[in-house]
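Values quoted throughout were computed directly from the atomic coordinates according to the rules given, and no laboratory measurement underlies them. Bear in mind the structure is a predicted one, so any value in this text is a computation, not a measurement. Glycine gets a Cβ as well: all are built from the backbone with ideal geometry, and neighbour counts include every protein chain shown.
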Amino acid sequence: MGRRFCPWSRGAAGHFSGISPARAGVGPKSRFAWRCFALKPLIIAFLALLFLPLGLGVPSTGAQTIAERMKPKTTSGKPEKMFVEADELVYNKEKDTVAAVGNARVYYQGRVLEADRVTYDRKTGRVFAEGHGKLTERDGTIVHADRFDLTEDFRDGFIESLRTDTPDKTHFSAPRLERVDEDTTVFERGTYTACEVCKNDPSKPPLWQVRAKRIIHKNEEQMVYYEDAFLEFLGIPLAYFPFFSAPDPSVKRKSGLLSPDFIYKSQLGYGTGIPIFWALAPNYDLTFTPTYYTQQGFFAEVEWRHRFENGQYYIRATGINQQNPGAFPAAPFGAGDRTFRGSLESKGQIFITDKWKFGWEFTALTDKWYLYNYSVPNNTLSSNYFSEVTSTLYLTGQGDRGYFDLRGYYFQGLSSHDFQPQQPIVYPVWDYNKTVDIDPAKSAGIGGQLELDFNFTHLSASAASFQSVGPRTLDNAYGLYDVCANYTPNSSCLLRGIGGDYTRVTFDPSWKRKFIDPIGAVWTPFAFAHVNGSWVDLNTSRTYTFASTSGVSTYSNASQAAFNNGETNNFYGNAMPGAGVEYRYPFLSKTSIASTVFEPIGQIIVRPNQQLGTTSMINMDAQSLVFDDSTLFEWNKYSGYDRFETGTRANYGAQISSTFSNGAFAKAVFGQSYQVAGVNSYATPDAANVGLSSGLDTRRSDYVGAFSFIPNSMLSFTAKGRFDVDTFEPRRIDLAANANFGALSGSIQYANYSAQPLIGYDVRREGLGLTSKYKVTDNYFLQGNVVFDMSRHLYPQSLIGTTTSTVFFPATYGIGGGYEDECTTFSLNYTSTYQDNGSGTLVRNQTFLLSLQLRTLGGAKISQSTSSTAALDGVYRQ
């Protein structure tokens, strides 16, 4: 018999309709497919301890709820028709039933019910589906069951031996499900997991699942309640919960308690924190986390988050009134006897239009040790050997070929060597840049491209920042702060930052145009101007003294006047016009082996011998100067606006690149710069000696070059260097290699920079870093890294303490491994690194970190430190 397709009705009563009690994503399963996975018994026991507090709830963002998925769908108050498709339709007059037999399919309100046989009992108004039952919900959720027993409107009923697979790849099962009054769904002896079934052996258990005597879902509350629940790993119960509740898995934001934090730190004692989350509205929420430490008392953290149509922001505040301040070192090595300690942090961004936005990011701290002492996370924290938090307020606009950026900065140093009065406040820095194409027809044939660059900067600091030339000199009191034995400019002392006010405005217009001659050479004439005005108001009245039982050191802001031509309050205005031309002529060679392009490059730039006007020695924003292949053909090789090249200079070199027939690629660049005439600005020191020892401070500069080679998709090599102009001795070397062999990947980095005592680097800087990761299988991985500080043996003993240093001294190293799949991420890592412990020396901090993340349920971390550094001694956090 052919397949039948027709509306299925019950006469005058109309078409029967309803909803399925099976809901995607919430009903646990009774018998779940077993997963292909194995763990050692020791790890299983440890996971049991790790997840004892798990399962109180999670906050997230909105999605379709169970109630929305299950709610009947009507049109203008009229029930929709139900259509039936089957091999055969059978009507039993005595029982008053209609049955769809053989590959039966029932279509109703976007749902599809499939079974070997679907029967409608006209007397009781119930629908029965038997044999390979399958219900597909509107959102794609699939419910498999041995038998469906539903009311005619699908509102209530029973489902036996069900298994549910949701679109977000979560899975539920139960021997029996009952749906009552559309609001309550009860899974008897149900299970839940986010792990997939093992394809090779479906009889194996999932890696983890929650099994409960009863799982009750309340549609209106959007909550799921678990009674007599076990958290199982590989089918083994490891944690028991008499009762716990969680938001409906399809609900991403729900008020309630989150997973607790368990914390231990020697200075704090043992602590427990329970985050409380309030979803106050769809677009804003509040989280309050009270924590109690056995040594320090009550610690509070509150975070407010708000998202609106054209932006978002958050505010986070933390604080504690310490019971035992003496547990921390005295200043300047710690917070000392400070009782109240806390932080205030906020970050936000508002899109005014599609091109303009306003934003802020700030952190305010009671003291610089607070974030480390209490392990407070912070978005603006940067940390390596030295740490700081940065606060900023900004307004930016971005066009097709231009931008506007107005912002202010506040820096708070967190390292032991930071002296806060030396940190500048920038208010504001204003940048504007615009590029315009010039039509030759409308410019007497000039054409080309015009670029306008503008900068305005104002900053202020209380204390001048000095640094010794050559070996570093620290204060006699604490051995923390930079001072100079003799405050003589250039020869024995550097001025890194002023104490007082500094204002500068700069305008840099430039023009260039490319021409290609008949033989293919590319000529690019260009012209530019650097117009600079600066106001300097040095504060010379303040004196700073560091005193302790170890000694006394004093320095005065008055010493900085010598670094500014003896001036304390003056206006400086200067200009530097210039013009030049660049020449390139590419030669192309193509063979069966490779296609090669060789391109000689030459530049000549003509400028006056010195800037026109008066010039200050103060350099605030151009103290980083690196001469390499990337700056070889720059018109001005300084990094900021405070310095600019002078005189006539030629830059020349060549680059060659080859693309091989086997897919390999190679490129090399080599060149030099030459001071043709006039004053060499790089040999003219400023208050920070920038330019000296740069490789540009001789008439013929050092040689610079770079080479990169990519033999295939698995390997890449890069080498960059600067070589002495007379001896060709390496002055600056950077090497990097990356490899990816599928299961095994890694990288190597090496750097070697010659000592530059004239600018404060009195010893050679050399280091080697290696990283690697090996995927043992698709799920298991091992990883490791090490960084060798190859200059440590050159450091003064006061910095490295009693530690014996060798050339290959491991400054940082780590090893770890783990497991990851679609539902679980587990890792165990060990790291050992040198950190600032607040006393001015770097000491080793060893940390063990265990992390476990179960998708949809949450995760936990345990970190244990074995040192007394400012890092964590130990922490257990969600």
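Worth pointing out:
- The length gained on full extension between Leu782 and Asn476, counted as 0.36 nm times the residue separation minus their Cα-Cα distance, comes to 105.5 nm.
- Environment charge at Arg700 (Cβ cut-off 12 Å; Lys +1, Arg +1, Asp -1, Glu -1): -2
- If you take the Cα centroid of segment 280-328 and the Cα centroid of segment 485-500, the two points sit 43 Å apart.
- Applying 0.36 nm per residue to the separation of Lys590 and Glu309 and subtracting their alpha-carbon distance, the gain on full extension is 95.5 nm.
- Label-to-label distance, nm, for residues given as Ile236 and Leu257 (7 Å Cα→Cβ offset): 2.8
- 28 Å Cα-Cα threshold exceeded, pairs from Lys134/Lys254; Lys169/Lys218; Lys134/Lys169; Lys347/Lys637: Lys134/Lys254; Lys347/Lys637
- The fewest-to-most ranking of Ser639, Ser465 by surrounding Cβ atoms within 10 Å reads Ser639, Ser465.
- Put in order of Cβ neighbour count within 10 Å, fewest first, the listed residues Val251, Val143 become Val251, Val143.
- Reference-scaled alpha-carbon Rg (2.2 N^0.38 Å with N residues) for the chain: 1.24
- Centroid-to-centroid separation of segment 537-586 and segment 676-712 [C-alpha atoms, Å]: 22
- Database remark: amide H of Gln783 closer than 5 angstrom to the amide H of Tyr774, Gly816, Gly817 (H placed geometrically; neighbours at sequence offset of 5 or more, or on other chains; Pro and chain starts carry no H).
- FRET efficiency estimate (nearest 0.05) - Cβ-Cβ, Ala739 to Lys199, R0 22 angstrom: 0.10
- Of the residues Glu820, Glu301, Glu361, the one with the fewest other Cβ atoms within 10 Å heads the list, and the complete ranking is Glu820, Glu361, Glu301.
- Extension reserve of the Ala575-Arg147 stretch, reckoned as 0.36 nm per residue once the Cα distance is removed: 145.3 nm
- On the basis of the beta-carbon distance and an R0 of 22 Å, Thr806 and Glu729 show a calculated FRET efficiency of 0.35.
- Whole-Hz ³J(HN,Hα) from phi, Karplus 6.51 cos²θ - 1.76 cosθ + 1.60, for segment 595-610, glycine and proline x: 9, 10, 10, 10, 9, x, 10, x, 9, 10, 10, 10, 9, x, 5, 8
- When only Cα pairs below 8 angstrom with a gap of at least 6 residues are kept, the chain shows a relative contact order of 7 percent.
- Contact order relative to length of segment 332-402, as percent, for alpha carbon pairs under 8 angstrom and 6 or more apart: 32
- At R0 = 41 Å, FRET efficiency that the Cβ-Cβ distance of Arg700 and Leu344 yields, to 0.05: 0.15
- Centroid-to-centroid separation of segment 182-230 and segment 378-456 [C-alpha atoms, Å]: 53
- With both labels modelled 7 Å from their Cα along Cα-to-Cβ, the His132 to Ser747 distance reads 5.3 nm.
- Rounded tilt (10° steps) of 41-50 against the dominant C-alpha axis of the chain: 80
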